[in-house]
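Below you'll find the structure, written out as structure tokens, and then a few comments.
The values are calculated or read from the model by the stated rules, or taken from the named source; none is laboratory data. What you are looking at is a predicted structure, and each value in this text was computed from that prediction instead of being measured. In this analysis, Cβ positions are derived from the backbone assuming ideal geometry, glycine residues included, and neighbour counts consider all displayed protein chains.
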Amino acid sequence: MLDWIVMAAGFVVAAALIFGLIAGNLAPQFRIWPAPPAKSLKSFAVWTLFRTLNLAVLFVCAANLARDAAAGELISAQILAAAAAVLAFGAYLWTLWALGRKATYCRASGLAQEGVYAWSRNPQYATAIAAYFALGIATASALPAALAITLVAVYALMAIAEEPWLEATYAESYRTYRARVPRFFDGRRLLTEAVKFLRPRRTPHETSAVASAARLRRPRP
């Protein structure tokens, strides 16, 4: 019963956040993200709703998984999705550390462009989106998965809402960076790197043998 109450509250909170983020993207005077000045009533409301939704999704999805596990009904796909969610949450924590506390949540402490930020303009949002999406899939249940998807939408809208603030703060530096690096994932680059990683590495002896074979195949003048 408790998880149904939490889920219902989560949907209400998600609707409020999504409405506010869309309204803010359409009309700057209604903007709720980046977060309003600290200690203001608006800031308190935004952070309370955002944290409530995160906790609601975690609670509902965990309760659903625990119930399936207790009944012996977990299937391999759920276990794999849950493992992917754990890995993505770990990556999310790493991106928080990589950015640093001073720059987290729209604090202007310099435009990060190196490391993981050379792959994604929003690695925190990207990893959180991956984590909650995988967690929703792991539940194998429509309503918990739908609640997780609403949080995915909130993270995506927050990333979009930050862009005018970043452009106003960092001007041409951000515009150049935005043109070079994708908002969330660079699928082509990830695929290329994965192929490189999975491709068998040649030993020095094999490399020498390939070079010798290539020389032998060259036409003689």
Given the criteria of a type in the set (Gly, Ala, Ser) and at pLDDT 90 or above, does residue 208 qualify? no
Could you tell me which residue of the stretch 61-88 is surrounded by the most Cβ atoms within 10 Å (Cβ to Cβ), considering only residues that are in a helix (DSSP H, G or I) and more than 22 Å from the chain's Cα centre (by Cα)? 64
Sort through 98, 35 and tell me the only one that's in contact with a Ser or Thr (Cβ under 6 Å, 6 or more places away or on another chain), over 23 Å from residue 2 (Cβ atoms) and at pLDDT below 90. 35
